[in-house]
Amino acid sequence: MEQQEKRGYVQVYTGNGKGKTTASFGLALRAAGAGKKVFIGQFAKGQLYSEINAVHKFLSEYVTVRQYGLKCFLSKEPNSMEIDAARAGLEEMRKILASGLYDVVIMEEANIAVKYNLFTAKELIDAVEQRAPKTEVIITGRYASQEIMDYADLVTEMREVKHYYQKGVMARKGIEF
Ligand code: ATP
Ligand code: MG
């Protein structure tokens, strides 16, 4: 029991339904409430989303956020600047993971980074594998690769049953971003 509590597991939130990013930030909120230290590294995205704003405003004592993406969400062939930013991010997170300074480390949209070949699944798994044993890791984003799902201890797939974007509802501030 004692040992189980001290070991950090690897969780993956994937699938094309809504809820992956909000689930990971929800976990950050819960961990902060328990006095735990959290690091969130966000790949492929660089805008100041409301959830990041909330962390800066209300949770900065416990939660640190860094973004490794450019201004717009990656949706076409990545350019060399996007690749460089993601690779530098993974290097930074490798050190964060190994440092033992954080109880929870969230690799936001890391599945997307792998999907767009910013880095490989193997490079991601290597960084996670070399973490401090107590550190819990959350990897989010659609299209989780089979290698990452096989490696993880927990995989949740958000399945889209329906979504209002099909009715033409655009992303709303405070709800989607
Ligand atoms: P959330 O951030 O709400 O938890 P998510 O992390 O599961 O969602 P992502 O795949 O990261 O979802 O997508 C980012 C946002 O874009 C989500 O809020 C989602 O609702 C929205 N979205 C997803 N697919 C579409 C689409 N085809 N058109 C418009 N918006 C979409
Ligand atoms: Mg997301």
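Coordinate-derived values only; no laboratory data. Everything numeric here is computed off the predicted structure, so don't read it as measured data. Virtual Cβ from ideal backbone geometry, glycine too; neighbours counted across all protein chains shown.
Here is the list for segment 1-67: GluC sites (Glu not before Pro) lying in DSSP coil, each with at most 12 other C-beta atoms within 10 angstrom of its C-beta, are Glu61. Shown here for segment 1-60: trypsin sites (Lys or Arg not before Pro) in loop regions (DSSP other than H, G, I, E, B) with at most 10 other Cβ atoms within 10 Å, of which there are none.
Can you sort Met93, Met158 so the residue with the fewest Cβ neighbours within 10 Å comes first?
The fewest-first ordering by Cβ neighbours comes to Met158, Met93.
Among Val128, Val114, Val65, the largest mean-square fluctuation in a Gaussian network model of the chain (Cα springs under 10 Å) belongs to Val65. Annotation: amide H of Tyr143 within the under-5 Å range of Gly15, sequence separation 5 or more or interchain, hydrogens built in the peptide plane. Of the trypsin sites (Lys or Arg not before Pro) found in segment 113-177, those that fall in a DSSP loop while having at most 13 other beta-carbon atoms within 10 Å are Lys134, Arg159, Lys162, Arg172, Lys173.
Once a ≥ b ≥ c are taken as the square roots of the eigenvalues of the Cα gyration tensor of segment 47-102, is the result rounded (a/c under 1.5), prolate (a/b larger than b/c) or oblate (a/b not larger than b/c)? Note, shape of segment 47-102 comes out oblate. Listed from fewest to most Cβ neighbours within 10 Å, the set Tyr13, Tyr116 follows the order Tyr116, Tyr13. Under the shape rule built on the C-alpha gyration tensor, where the axes satisfy a ≥ b ≥ c, segment 1-54 is prolate, since a/c reaches at least 1.5 and a/b is greater than b/c.
Taken over the alpha carbons of the chain as equal point scatterers, the Debye sum produces base-10 log I(q)/I(0) values at 0.13, 0.17 Å⁻¹ of -0.62, -1.10. Magnitude of the charge dipole for segment 90-131, about its Cα centre and with charges confined to Cβ atoms of Lys, Arg (+1) and Asp, Glu (-1), is about 100 debye.
Structure note, pairs Lys36/Lys71; Lys37/Lys115; Lys6/Lys37; Lys18/Lys95; Lys71/Lys115; Lys36/Lys57: Cα-Cα distances above 25 angstrom occur for Lys36/Lys71; Lys37/Lys115; Lys18/Lys95. Ranking of Glu109, Glu157 by neighbouring Cβ atoms within 10 Å, starting from the fewest: Glu157, Glu109. For the Cα trace of segment 119-164, dividing Rg by the Kirkwood Rh returns an Rg/Rh value of 1.04.
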